[in-house]
1. Scan region 208-248 for residues that are under 26 Å from T109 (Cβ atoms), more than 16 Å from the chain's Cα centre (by Cα) and polar (S, T, N, Q) and jot them down.
2. When only residues in region 242-258 that are acidic (D, E), at pLDDT 85 or above and not in a loop (DSSP other than H, G, I, E, B) count, which is nearest to Y228 (Cα to Cα)?
3. What residue, among those in region 86-127 that are acidic (D, E) and touching a residue at least 60 places away in the same chain (Cβ under 8 Å), is farthest from R52 (Cα to Cα)?
4. Could you list, in sequence order, the residues of region 190-199 that are surrounded by fewer than 13 Cβ atoms within 10 Å (Cβ to Cβ), at pLDDT below 85 and in a helix (DSSP H, G or I)?
5. Take region 57-91 and flag every residue that is closer than 19 Å to T5 by Cα, assigned to a helix (DSSP H, G or I) and modelled with pLDDT under 90.
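The values are calculated or read from the model by the stated rules, or taken from the named source; none is laboratory data. Fair warning: this is a prediction, and the values are worked out from it, not measured in the lab. Here the Cβ positions follow ideal geometry from the backbone for every residue, glycine too, while neighbour counts run over all protein chains shown.
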Amino acid sequence: MGNYTEKRLIELLTHKAEAELVRRGWLNEEGDLGVNTLEREMEVEDLREQARFMVPSLFDATSLSTRDESGERTTVKLDRWHHRDSFQIADESWELMINNSEVYRELETYLASPWLWCEEMDWLFLQFSLYGVYLEVYKTISVNTLGIGKSFMLGYKPHWVYRVGMWVLGFLWWLFKWGFWLVVLILATESHWISTTAWVGLTAWIQGKKLLSRRRFKKLRTDTLSSYQSINNQVFGWRNLERIIADLQRDWGAIYDSRIMRLIEIRQQGLKL
């Protein structure tokens, strides 16, 4: 199973940059410039920087929020990555943040630089991208189905006083909401049977719509998680992944960025350096 540190990946891409410079004839086997001009020096340095800064920029798009013994919450940037299992996903779904737009920006640069292509970076981009989509879906669904308050408690585990207060407010809101519903029902019953039927029917329609929406959201969360779990190690089937993503896109629309689809298409077709 892949488990990569930022340092190891930087070394990998730096080595690939040096090999590319030799292949282009800009450096000889001893690492000296073939043509020693200012323009060539700048071109060599630009290529090296592209390789050197891609991995740090990619990891800069991630952050993990942690709580120390005193209860203080701090946010740190990750410097290593491994595939998340079910227990880790459940534990860090709110704490881990992935900036998808930054990941896609680096992926665009990666796709435009075939000399950087390698299994390790392919896998890392897929990991960040697919897990980032899952986290986005999970948090959106939590807010839509549980509400902001409960989602905050679930994700950030605040002080017990705050949690108790939120549960009390939630219970009072529940009493008010259904108490109001009961009052309207009693008034409708005393008015006419049509009013009663209309009120009960409207309530059933609203609750049924909420239930269907929650089921649909739950399926979306399950589907995006399954797509992430399909790349649980570095050796996986690109054709199978393409089928999984295509099914998701068909059922849910364009939830994955076109650059991810481009990477899958390139590798599924077996394009090499």
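1. Across region 208-248, the qualifying residues are N233, Q234.
2. E242
3. E95
4. If the condition is that a residue be surrounded by fewer than 13 Cβ atoms within 10 Å (Cβ to Cβ), at pLDDT below 85 and in a helix (DSSP H, G or I), then E190, S191, W193, I194 are the ones that fit.
5. Q88
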